[in-house]
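Quick notes on the structure that follows.
The values are calculated or read from the model by the stated rules, or taken from the named source; none is laboratory data. Nothing here was measured: the structure is a model prediction, and the numbers come from that model. Note that we place each Cβ from the backbone using ideal geometry, even for glycine, and neighbour counts take in every protein chain shown. For the accessible areas, the whole protein counts, side chains as well, though only heavy atoms, and no ligand, DNA or RNA atoms are used. Shrake-Rupley method; radii C 1.70, N 1.55, O 1.52, S 1.80 Å.
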Amino acid sequence: VQLQASGGGLVQPGGSLRLSCAGSGMIFSISVMAWYRQAPGKQRELVATITRGGSTNYRDPVKGRFTISRDNAKNTVYLQMNSLKPEDTAVYYCNAVPPTRDYWGQGTQVTVSS
């Protein structure tokens, strides 16, 4: 079973995007969900996490710009990204914490460029 991320695209610096991640009910019984990203030539990194109760944590470079949320009834996790920077360019994925190999989907490409 894979988690399907969507909502990426090409945006100018300072712009916004909202990513969505859909999965089965079984997956969203998982306590902690997260968004990860992988930039070209770099390792995949954790961006933001959210518990079933809604507690969140963020990687320092995205604090104050990104907001993670989840709708357990819809089995969906979101990532609202504002004030995007070129260094946010990456493929974005969602998964559990710690990540489960079988849950990795194809991700969604986010490109920030003028």
Residue check for residue 18: buried (at least 20 other Cβ atoms within 10 Å of the Cβ), outside any loop (DSSP other than H, G, I, E, B) and out of contact with any helix residue (DSSP H, G or I) (no Cβ under 6 Å at 6 or more places or on another chain): no
What is the one condition in (1) open to solvent by 30 Å² or more (accessible area, probe 1.4 Å); (2) at pLDDT 95 or above that residue 74 does not satisfy? (2)
For residue 79, which of the numbered conditions (1) touching a residue at least 40 places away in the same chain (Cβ under 8 Å); (2) surrounded by fewer than 21 Cβ atoms within 10 Å (Cβ to Cβ) fails to hold? (2)
Taking segment 21-34 as the search range and keeping residues that are part of a strand (DSSP E or B) and among the aliphatic types (A, V, I, L, M), which one is nearest to the chain's Cα centre (by Cα)? 34
Please work out which residue is farthest from the chain's Cα centre (by Cα), limiting yourself to segment 35-79 and to residues that are closer than 18 Å to residue 4 by Cβ and in a helix (DSSP H, G or I). 73
Answer from 106, 2, 12, 43 - the residue that is open to solvent by 80 Å² or more (accessible area, probe 1.4 Å) and touching a helix residue (DSSP H, G or I) at 6+ places or on another chain (Cβ under 7 Å): 2
One residue is enough: does segment 55-68 have a residue meeting the conditions aromatic (Phe, Trp, Tyr), open to solvent by less than 30 Å² (accessible area, probe 1.4 Å) and in contact (Cβ under 8 Å) with a residue 60 or more places away in the chain? no
Whether any residue in segment 53-64 is at pLDDT below 95 and touching a strand residue (DSSP E or B) at 6+ places or on another chain (Cβ under 6 Å) is what I want to check. no
